Each structure stands twice: as C-alpha cells, then as structure tokens.
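Before anything else, here's the structure in question.
Where a number appears in this text, it was derived from the coordinates with a stated rule and is not lab data. Keep in mind the model is a prediction, meaning the values are calculated, not measured. Here Cβ is always computed from backbone atoms with ideal geometry, including for glycine, and neighbour counts include all displayed protein chains.
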Amino acid sequence: MPLVWAHAEDVKVCRSPRDRKVFDMPAQTVQRYLHEGRKSALTVWCVNNKLRSMPVGKTLRVWAREPALVHWSTNDWQSAHDSFSIETGLGLWYVDLPTNELPLGATVRFTLYWLDAKRWEGADFAVDVRADHANGGRGAVSLEETHMGLRKEDVA
C-alpha cells in the first residue's frame with residue numbers, strides 16, 4: 001500500500017503545475033495563510049534544522065526527538081536558564097523559549113542535555129534576532145519557489 005500512496009502523491013505534484021493551481025489544497029488553509037496572511041508566532045529550531053537567525057517578535061521553539069533540558073541564555077551566558085521539554089504525545093518534545101520581546105541584534109545561546117542518555121549535546125547553538133531574517137539565515141525561499149512556481153493568485 002505505501003507505493004500506491006507515494007504514486008498518488010506524485011500524480012498530485014505533477015498535476016498542480018499543469019492546472020496552474022495546487023491540487024488537494026484545503027480551502028481553509030488557503031483562506032488562513034494566503035488571504036488573511038496569518039503568520040506563526042513561532043520560529044522552529046531542531047537538530048536537523050539549525051536556524052542561525054530568527055525574526056524579531058517570534059518565540060523560539062526548540063524541537064527534540066527525545067526528552068531534553070534546554071540550557072539557554074540571552075545575555076552571552078552572564079546568566080542562564082534551564083527549561084525542560086514538553087512531550088507532545090507524537091514522539092517529539094519541545095521547549096518554547098521566551099524570545100518574542102528580544103530586541104533586534106540580540107542572540108539566544110543554548111545547548112541541550114539529553115535526559116534519558118544523561119549527556120550534554122557537546123555544542124552550543126546561537127540564533128540571532130535579525131530584521132533581514134530569511135529562511136533561518138540559510139537564504140531566501142520565495143512564495144513562488146515554495147508553491148512549485150505558482151503565483152499567489154494561482155493557488156487561490
């Protein structure tokens with residue numbers, strides 16, 4: 001059955017550019033994010049998506065695949081805080097760091113302590129609060145690239 005599902009997804013991906021419209025896009029999602037322009041209040045960091053920057057006014061969410069303690073600072077380790085991850089029930093844990101009021105130019109530094117393994121990650125991570133944030137500091141991805149070359153009016 002997995003191959004049938006994968007083939008169906010491939011057919012949908014091929015059909016969308018031909019129709020000049022994203023096939024199988026829920027109307028509620030289009031309304032919420034394209035027409036109303038709602039934005040997430042979160043910026044997400046995880047081990048396989050190590051953001052280097054985030055926009056001003058967002059909460060930094062740190063995802064983990066196992067229980068963790070996030071040891072973090074917003075003043076270059078002059079003081080530090082510890083936050084335990086919260087289990088989602090989906091095999092993932094997260095910590096929301098209160099970064100939404102940090103000023104432009106601030107840096108959040110953190111490391112992880114893996115609770116089950118009783119070991120530190122062995123590295124510090126830094127996320128800068130920037131005005132020119134684009135795709136986590138890895139380079140901009142436009143709406144057109146995100147939606148297979150379609151313009152906003154094509155998916156509405």
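Can you tell me which lysines have their Cα less than 25 Å from the Cα of K58? Leave out same-chain residues fewer than eight positions away.
Within the straight-line limit of under 25 Å, K58 reaches these lysines: K39, K50, K152.
With the crude spin-label approximation of a point 7 Å out along Cα→Cβ, what separation in nm comes out for C14 versus A131?
4.8
Separation between the Q28 and L3 pseudo-spin-labels, each 7 Å from Cα along Cα→Cβ, expressed in nm?
3.5
Additional query: Skipping prolines and chain starts, which residues have an amide H placed within reach, meaning under 5 Å, of the one on L115, given they are 5 or more residues away or on another chain?
So L115 has HN proximity to A68, L69.
With equal scatterers on the alpha carbons only and no solvent term, can you work out the Debye log10 of I(q)/I(0) for the range 42-137 at 0.19, 0.20 1/Å?
After summing over all Cα pairs, the log10 values are -0.86, -0.95.
Per-residue HN-Hα couplings for the range 30-47, Karplus 6.51 cos²θ - 1.76 cosθ + 1.60 at θ = phi - 60°, whole Hz, x for Gly and Pro?
For the range 30-47, the Karplus curve yields 4, 4, 5, 9, 8, 7, 7, x, 4, 10, 6, 7, 10, 10, 9, 10, 8, 4 Hz.
How many nm is it between the label spots at R109 and N48, if each spot is 7 Å from the Cα in line with the beta carbon?
For the pair R109/N48, the computed spacing is 2.9 nm.
Put +1 on the Cβ of each Lys and Arg and -1 on the Cβ of each Asp and Glu in the range 42-137; which of N49, T59, L104 then has its Cα farthest toward the positive end of the dipole?
N49
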